[in-house]
Amino acid sequence: MTINDIKHPKVKAWVEEVAKMCQPDDVYVCDGSQTEYDRLMKKMVDSGLGIPLKKRPNSVLFRSQPSDVARVENRTYIASKTKEAAGPTNNWIDPAELKKTMTGLYAGCMKGRTMYVIPFSMGPVGSDIAKIGIELTDSEYVVCNMDIMTRVGTKVLDVLGTNGEYVPCLHSVGKPLAKGESDNGQWPCADIDNKYISHFPEERTIWSYGSGYGGNALLGKKCFALRIASVIAKEEGWLAEHMLILKLTSPEGKVKYVTGAFPSACGKTNLAMLIPTIPGWKVETVGDDIAWMKFGKDGRLYAINPEAGFFGVAPGTNEQSNKSAMDSIRKDTIFTNCALTEDGDIWWEQIGYDAPGPLVDWKGNKWVQDKANKAQEPAAHPNARFTAIAKNCPAIAKEWDDPAGVPIDAILFGGRRPSTIPLVHQATSWNHGVFLGSIVGSEITAAALDLKAGTIRRDPFAMLPFCGYNMGEYFQHWINVGKKSTEDKLPKIFFVNWFRKTPEGKFAWPGYGDNSRVLAWIFDRCEGKDNAVKTQIGWMPKADALNLTGLDVSAEIMKDLLSVDVEGWKKEIADVRANHYPKFGDKLPKELMAEMEGLESRLNA
Ligand code: GTP
Ligand code: SPV
Ligand code: MN
C-alpha cells in the first residue's frame, strides 16, 4: 500500500511530514500479510542480516551489533513538560530541547532506505480495550517483529477510520545508506551515545533513534503499552503493568487468574508457561510481559494481554524449564543473538544439551564449547531473545485474546533476591500489598545494557524502567485503585522469591515447574482455606500447607525459605527508610509510610 491508501488526514499529514524530515527513498504502508512478511524477511536475508534456519521452518537468526543487545536505560527519556512530572526515577530532558536534538538526528536519517508505516493495535483489533499506534520505521527487522508482537495491518487502518485516535511512534536505526549501498551483513544502528528512546507523555508521542533492539525499537511494547499507557491509565483509573497473566486450574477444575510483576529476565515468561510438577494442576498462558487491568462492573479487576507474541529470553529456556516455550519456537520464529549450529539450528547456554559441534557465536565468531573453562564467554548473548507467535504456544489459554479480559484473583510481586525475602508471603491488605510492590528489589540482569548485572537495585512493581510519570504518583495511583473496590473483590497480593541462594551460592529452590507448589498454596488462599499463619511480614504457609511431595529440598533449606529472617528484614526496611522512600519526597503516599512503620514496629516487637 502507499501513502494514498491512508484515509485519515492527520495520519497522512504526519507521515508526509516525517518523510520530508527523514528523506527515505520510499514510503510503504504495511498490510500485515504473510506475503509482505516473507518479502521483507527475504530482503534481510539477501542483505546478509538474517540467516534462515534449516532446522526450523520459516525462522531466521539475526545478530545485532554488540552495542545493541538490550534496552539502554540511561538513553531512555520521559520528556514531560516538567521534570517533576517525570519524577525522580526517570531521565528527563526538556521536550523542546529533546525535539530539537532529535530533529537534527532525524534529518536525512532514512536516506537509501524505505520508511515503513506500521498500523498496529495493542489488544484485539476493534475491541473497546484496544489502543492503536502507528509506527514509522526504516527497519525491516522492526516490521517483522511488530507483525508477531502486535496486530498489524489494513484492518487496523479500517478501525482507525478518518479521525480515530492513535499514538504516533517514530523510529529510525539512524544509519542512512549511500546510493547502491546495502547493510551487507552489518546490523544497522547508531553508536551508543547517540541512541534516544524518548517519550512525550502529554502529547502521547514516542520518538526512538539509533537502536534496532526489541524494547528500544518495537515501540508498541515497552514504550507504548507501558510508558505511555501508564500515563493514560493513571488519568482513566486503570493499570498498565509489567506483568504476566496466567490461568491456574486446580485438580477439581476450579480456575483462578493470576498476574505477576517480576523485573526483566526474572521469570515472567517461565511462570506464565509453567508445567506443574504436582499432579492434577494446570497452568495456561494469557500473557507473559504486559497486563492492562481495568475494573469490571462487578468491581473486580480484569486483565488483558495487549500483545500477540512473546519476546522471550532464550538462555535458560529448555525442555525441562519451559517446554511450552520450546514448542512455541519450532517454527515462524525470529531469533536474535543466539548461537548458530553447523546444521542450521540455534543453540544457547542451558538449552538442555551440549553444543552439537563448533558453533558461530552471537558475535559471528567460531565458538567451540570448552566445559573445563568456567570462564568461557557464552555462545549466545545472555539477553538473546526469541520472537514467537502467541498462537503457536501449546499452553495458550482459550481466553487469551478475549477483549473482556480475565478476572484477576491474585497479584504476585517478586525479584531475584539471594537472601531475606522468603519463598512466599501474602499481604494482609491491599495497601500492604502496594507497600510490597513499592519495595521490590532485584539483582540486575542482562536485559538492560548499561547496568551492572548482579547488583541489587529497587525496581518498584518491576516498573522502574517503564513508568511514564512520577513514580511517587504511581504509588498513589495504586493506593487509589484500591479505594475503587472492596478487599473481597480486589486481587489478593503476594510476594514470591524463586531466587534464594544457599551459602554455597546455589539456588535453594528448584523453581520452574516446582513453582506450581507455591501457586497451589496461593490458589487455596484465594479460596479462603485455613492454610496460613500471620507473621510480622504477612501471611505465610502453615506447616505442611505447601505440597512438597516428591520435592528434593532438605528440611533445613525449606525452613530457611519459609521463615521470617527478622534481622534481614530489619536491614531491608532500614534501607527503604534511608535510601528508597526519601527519593519520592512529598509524593510518597502516607499510606506507604504507615505500612513501613507498622512493619518496623512488628519486627522490633
Ligand atoms: P523479560 O522478558 O525480560 O521481561 O523477562 P521475564 O520476566 O519474562 O523472564 P524469563 O521468564 O524469560 O526468565 C529469565 C531467566 O530466568 C531465564 O534464563 C530463566 O531460565 C530464568 N528463570 C525463570 N524462572 C526461574 C526460576 O523459577 N528459577 C530460576 N532459578 N531461574 C528462573
Ligand atoms: C524486558 O526487558 O523487560 C523485556 C524485553 O521484556 S524488552 O522488550 O526489550 O524490553
Ligand atoms: Mn519485560
Seminar exercise, completed: Within segment 567-578, the residues that are free of Cβ contacts under 8 Å to residues at least 40 places away in the same chain and either polar (S, T, N, Q) or surrounded by 14 or more Cβ atoms within 10 Å (Cβ to Cβ) (or both) are 570, 573, 575, 577
Exercise. Is one or more of the residues making up segment 429-445 in the same structural domain as residue 563 (by TED's automatic domain parsing), outside any helix (DSSP H, G or I), open to solvent by 40 Å² or more (accessible area, probe 1.4 Å) and within 13 Å of ligand 1 (Cβ to nearest atom)?
Worked result: yes
For this session: Name the residue, out of 413, 386, that is within 30 Å of residue 126 (Cα to Cα), surrounded by 19 or more Cβ atoms within 10 Å (Cβ to Cβ) and within 19 Å of the chain's Cα centre (by Cα).
Result: 386
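Is it true that some residue in segment 295-307 is within 16 Å of ligand 2 (Cβ to nearest atom), acidic (Asp, Glu) and either open to solvent by 20 Å² or more (accessible area, probe 1.4 Å) or under 14 Å from residue 396 (Cβ atoms) (or both)?
Within segment 295-307, one or more residues are within 16 Å of ligand 2 (Cβ to nearest atom), acidic (Asp, Glu) and either open to solvent by 20 Å² or more (accessible area, probe 1.4 Å) or under 14 Å from residue 396 (Cβ atoms) (or both).
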Problem set entry | Residue ranges of helices (runs of 4 or more DSSP H) in segment 191-302 with at least 2 members of a type outside the set (S, T, N, Q) and within 14 Å of ligand 1 (Cβ to nearest atom) | 214-217, 268-272
Problem set entry | Among residues of segment 351-376, those that are outside any loop (DSSP other than H, G, I, E, B) and surrounded by 10 or more Cβ atoms within 10 Å (Cβ to Cβ), counted | 3
Exercise. Taking only pairs six or more apart or across chains, which ones have beta-carbon atoms under 9 Å, a first residue in segment 355-367 that is touching a residue at least 60 places away in the same chain (Cβ under 8 Å), and a second residue that is assigned to a loop (DSSP other than H, G, I, E, B) and of a type in the set (A, V, I, L, M, F, W, C)?
Worked result: 362/69; 362/338; 362/348; 362/379; 362/380; 362/384
For this session: For segment 152-174, indicate whether the set of residues that are farther than 20 Å from residue 385 by Cβ, basic (Lys, Arg) and in a helix (DSSP H, G or I) is non-empty.
Result: yes
For this session: Test residue 444 against the stated conditions and say whether it is among the β-branched types (Val, Ile, Thr), under 28 Å from residue 565 (Cβ atoms) and within 16 Å of ligand 3 (Cβ to nearest atom).
Result: yes
For this session: Could you please find all residues in segment 510-560 being touching a Ser or Thr at 6+ places or on another chain (Cβ under 6 Å) and open to solvent by 30 Å² or more (accessible area, probe 1.4 Å)?
Result: 512
Exercise. Under 8 Å by Cβ, and 6 or more places apart or on different chains, what pairs join a residue from segment 277-295 that is at positive phi with one that is open to solvent by 30 Å² or more (accessible area, probe 1.4 Å) and away from ligand 3 (no atom under 15 Å from the Cβ)?
Worked result: 280/251
Problem set entry | Hits in segment 587-605 - residues which are open to solvent by 10 Å² or more (accessible area, probe 1.4 Å) and closer than 18 Å to residue 467 by Cβ | 587, 588
For this session: Would you be able to say whether some residue in segment 250-260 is within 12 Å of ligand 3 (Cβ to nearest atom) and touching a helix residue (DSSP H, G or I) at 6+ places or on another chain (Cβ under 9 Å)?
Result: yes
Problem set entry | Selected residue (only one of 241, 236 is at pLDDT 95 or above and crowded, with 24+ Cβ neighbours inside 10 Å) | 241
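Yes/no per residue for (1) within 18 Å of the chain's Cα centre (by Cα); (2) open to solvent by 10 Å² or more (accessible area, probe 1.4 Å); (3) not hydrophobic (A, V, I, L, M, F, W, C):
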site: 168; (1), (2), (3): no, yes, yes
site: 171; (1), (2), (3): no, no, yes
site: 176; (1), (2), (3): no, yes, yes
site: 181; (1), (2), (3): no, yes, yes
site: 194; (1), (2), (3): no, yes, yes
site: 202; (1), (2), (3): no, yes, yes
site: 222; (1), (2), (3): yes, yes, yes
site: 225; (1), (2), (3): yes, no, no
site: 250; (1), (2), (3): no, no, yes
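From the set of residues in segment 319-334 that are in contact with a Cys (Cβ under 9 Å, 6 or more places away or on another chain) and within 19 Å of residue 286 (Cα to Cα), which is surrounded by the fewest Cβ atoms within 10 Å (Cβ to Cβ)? Steps first, please.
Within segment 319-334, the subset in contact with a Cys (Cβ under 9 Å, 6 or more places away or on another chain) is 324-325, 327-328, 334.
Checking the rest, the ones that are also within 19 Å of residue 286 (Cα to Cα) come to 324-325, 327-328.
Values: 324: 23, 325: 26, 327: 15, 328: 28.
Here the residue is 327.
Do we have residue 472 as surrounded by 18 or more Cβ atoms within 10 Å (Cβ to Cβ) and within 16 Å of ligand 3 (Cβ to nearest atom) here?
Details: surrounded by 18 or more Cβ atoms within 10 Å (Cβ to Cβ): yes; within 16 Å of ligand 3 (Cβ to nearest atom): no.
When the stated conditions are applied, residue 472 does not pass them.
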For this session: For residues that are of a type in the set (A, V, I, L, M, F, W, C) and farther than 21 Å from residue 243 by Cβ, scanning just segment 487-508, find the one that is nearest to ligand 2 (Cβ to nearest atom).
Result: 507
Seminar exercise, completed: In the set 260, 220, the lone residue that is within 16 Å of ligand 2 (Cβ to nearest atom), touching a Phe, Trp or Tyr at 6+ places or on another chain (Cβ under 9 Å) and in the same structural domain as residue 525 (by TED's automatic domain parsing) is 260
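The values are calculated or read from the model by the stated rules, or taken from the named source; none is laboratory data. Please read all numbers here as calculations on a predicted model, not as lab measurements. Heads up, the Cβs are rebuilt from the backbone with ideal geometry, glycines too, and the neighbour counts pull from every protein chain shown. Just so you know, the surface numbers come from the protein's heavy atoms only, side chains and all, with ligands and any DNA or RNA stripped out. Shrake-Rupley method; radii C 1.70, N 1.55, O 1.52, S 1.80 Å.
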